[in-house]
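The values are calculated or read from the model by the stated rules, or taken from the named source; none is laboratory data. Being a predicted model, the structure only gives us computed values, none of them experimental. Ideal geometry is used to build each Cβ from the backbone, glycine not excepted, and the neighbour counts take in all protein chains shown. Each accessible area value is taken on the protein alone, full model and side chains, heavy atoms only, with ligands, DNA and RNA left out. Shrake-Rupley method; radii C 1.70, N 1.55, O 1.52, S 1.80 Å.
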Amino acid sequence: MFDLVIIGGGPAGVAGAIYAERKKINYLMIADSIGGQSIVSAKIENWIGLPNISGADLAITLENHLELIGVNKSIGEKVLSIEKKNNFFQIQTDKGKKYESRYLLIATGSHPRKMNVKGEDDFEGRGIFHCATCDAPLLKNKTVAIIGGGNAGLEAAIDLLAYASKIYILEYTDSLKGDAVTQEKLNNNSKVQIITQAKVIEVLGDKFVSGLKYEDLKNKNVVKEIKVDGIFVAIGVVPSSDLVKNFVKLNERGEIIVDHQTYQSSDPAIFAAGDVCDSLYQQNNIAVGDAIKAVLSIYNRIK
Amino acid sequence: MEKVKIYTTPNCPYCKMAKAYFQKNNVQYEEFDVSVDKKALEEMVSKSHQMGVPVIDINNEIIVGFNRSAIDAALHLK
């Protein structure tokens, strides 16, 4: 039986584990992978103390820190479910293991939102992509559609400019939401065509993606079809709070509601930090601070 | 000795992390940059039936993405 199990390997989970180690709590960190959502960033310029680091290098640095101080961890293990017993939690993982803990720190972050349209699951990896930095080079001289006109979508478009022959950006609302500077770069490029008020309804293809259908919301919802070889989906993220949704109060976005001094949720033995909790700002540096406050609060309860 | 191939693109963060993981565990690997190597790209797609990188081939077992538990299992690392 552990006093604390930390679930998640982003900046919040890593910070929580480092503090749990320093406080000599009887704990375990379980994470599918290390690094969190900013792994895919080519350049992070706001991580305090390291003015320019890639997401992959940040992930490697974080893992080195865990190893250097001997954090008790299981990386590459995924928590499948959590059961609440009388005065502890039982945690089941994909390795068939069961762990027990008195307290939990949920630092599971968030995951990409799906479009929930026909064909989406069938073409995952077969033309539907999420990491433009990774997969843009495979779309040399191809036509691509980016779904979502926020910063993530626009940055994907920038990554694709060097490769794709044509880039559609489909945005559900009536205007792009990403930074003006990025919008300007794209507006001035003849490869880019922006389609606003477009609601994607189906991904088309055989073995690989060949096109998509969308409703034109500014034109009586007429269904239109475009031919594309690749689709990048960037329509935001959903907090990964499913594991504890039956035990704690969530807000309307699905984030775990916490007290922002202690990071305790509505269940006194469950704490949450980072993007999975109801912080106002989704930032690596903030996630770190959240998790440290949570672990120190837990320490004060069990010492 | 395990036979490990990794199909990558130049700036792909998961590719970089996978290679760092192999290096840390002293696993020798052969890398193919599918952004320039057309033959390797075709090989990767036919093996994995998809186009995303990285694709890792460990003794003909195909792993899509930097999936650590699958890599650990294929290499008997843990």
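A few points about this structure:
- Residues in region A:12-32 that are within 14 Å of chain B (Cβ to nearest Cβ) and in a loop (DSSP other than H, G, I, E, B): A:32 alone.
- Restricting attention to region B:30-47, the residues that are touching a residue at least 24 places away in the same chain (Cβ under 8 Å) and within 11 Å of another protein chain (Cβ to nearest Cβ) add up to 5.
- Within region A:167-204, the set of residues being over 22 Å from residue A:216 (Cα atoms) and touching a residue at least 12 places away in the same chain (Cβ under 8 Å) comprises A:179, A:182, A:185, A:189.
- The numbered conditions (1) open to solvent by 30 Å² or more (accessible area, probe 1.4 Å); (2) farther than 21 Å from residue A:152 by Cβ; (3) not polar (S, T, N, Q) are all true for residue A:57 except (2).
- Filtered by the rule that a residue be crowded, with 17+ Cβ neighbours inside 10 Å and over 23 Å from the mean Cα position of the chain (by Cα), region A:94-132 gives A:99, A:101, A:102, A:103.
- Residue tally, condition out of contact with any Leu (no Cβ under 8 Å at 6 or more places or on another chain), assigned to a loop (DSSP other than H, G, I, E, B) and more than 11 Å from every other protein chain (Cβ to nearest Cβ), over region A:132-149: 1
- Only one of the numbered conditions (1) open to solvent by less than 30 Å² (accessible area, probe 1.4 Å); (2) free of Cβ contacts under 8 Å to residues at least 24 places away in the same chain; (3) farther than 22 Å from residue A:124 by Cβ is not met by residue B:63, and that is (3).
- Hits in region A:150-197 (condition: assigned to a loop (DSSP other than H, G, I, E, B), open to solvent by less than 80 Å² (accessible area, probe 1.4 Å) and at pLDDT 90 or above): A:150, A:163, A:164, A:165, A:171, A:173, A:175, A:176, A:189, A:191, A:196, A:197
- Per the conditions (1) over 22 Å from residue B:13 (Cβ atoms); (2) charged (D, E, K, R); (3) touching a residue at least 60 places away in the same chain (Cβ under 8 Å); (4) open to solvent by less than 30 Å² (accessible area, probe 1.4 Å), the sole criterion not satisfied by residue A:135 is (1).
- Flag for residue B:18 being surrounded by 18 or more Cβ atoms within 10 Å (Cβ to Cβ) and within 12 Å of the chain's Cα centre (by Cα): yes
- Which numbered condition residue A:92 misses (of (1) touching a Pro at 6+ places or on another chain (Cβ under 9 Å); (2) more than 10 Å from every other protein chain (Cβ to nearest Cβ)): (1)
- Residue within region A:104-125 that is in contact (Cβ under 8 Å) with a residue 40 or more places away in the chain, assigned to a helix (DSSP H, G or I), touching a strand residue (DSSP E or B) at 6+ places or on another chain (Cβ under 8 Å) and within 11 Å of chain B (Cβ to nearest Cβ) present: no
- In region A:206-217, the residues that are within 14 Å of residue A:145 (Cβ to Cβ) and within 14 Å of chain B (Cβ to nearest Cβ) form Cβ pairs under 8 Å with partners that are open to solvent by less than 10 Å² (accessible area, probe 1.4 Å) and part of a strand (DSSP E or B), at six or more places apart or across chains, as follows: A:209/A:128; A:209/A:203; A:209/A:230; A:209/A:231.
- Test: residue in region A:33-51 that is part of a loop (DSSP other than H, G, I, E, B), open to solvent by 30 Å² or more (accessible area, probe 1.4 Å), polar (S, T, N, Q) and more than 17 Å from residue A:287 (Cα to Cα): no
- Test: residue A:9 is at pLDDT 95 or above and within 14 Å of another protein chain (Cβ to nearest Cβ): yes
- Restricting A:63, A:100 to residues that are within 14 Å of another protein chain (Cβ to nearest Cβ), at pLDDT 95 or above and either closer than 22 Å to residue A:288 by Cβ or not in a helix (DSSP H, G or I) (or both) narrows the list to A:63.
- Residue A:81 vs. criteria in contact with a helix residue (DSSP H, G or I) (Cβ under 8 Å, 6 or more places away or on another chain), of a type in the set (Ser, Thr, Tyr), surrounded by 15 or more Cβ atoms within 10 Å (Cβ to Cβ) and more than 23 Å from residue A:296 (Cα to Cα): no
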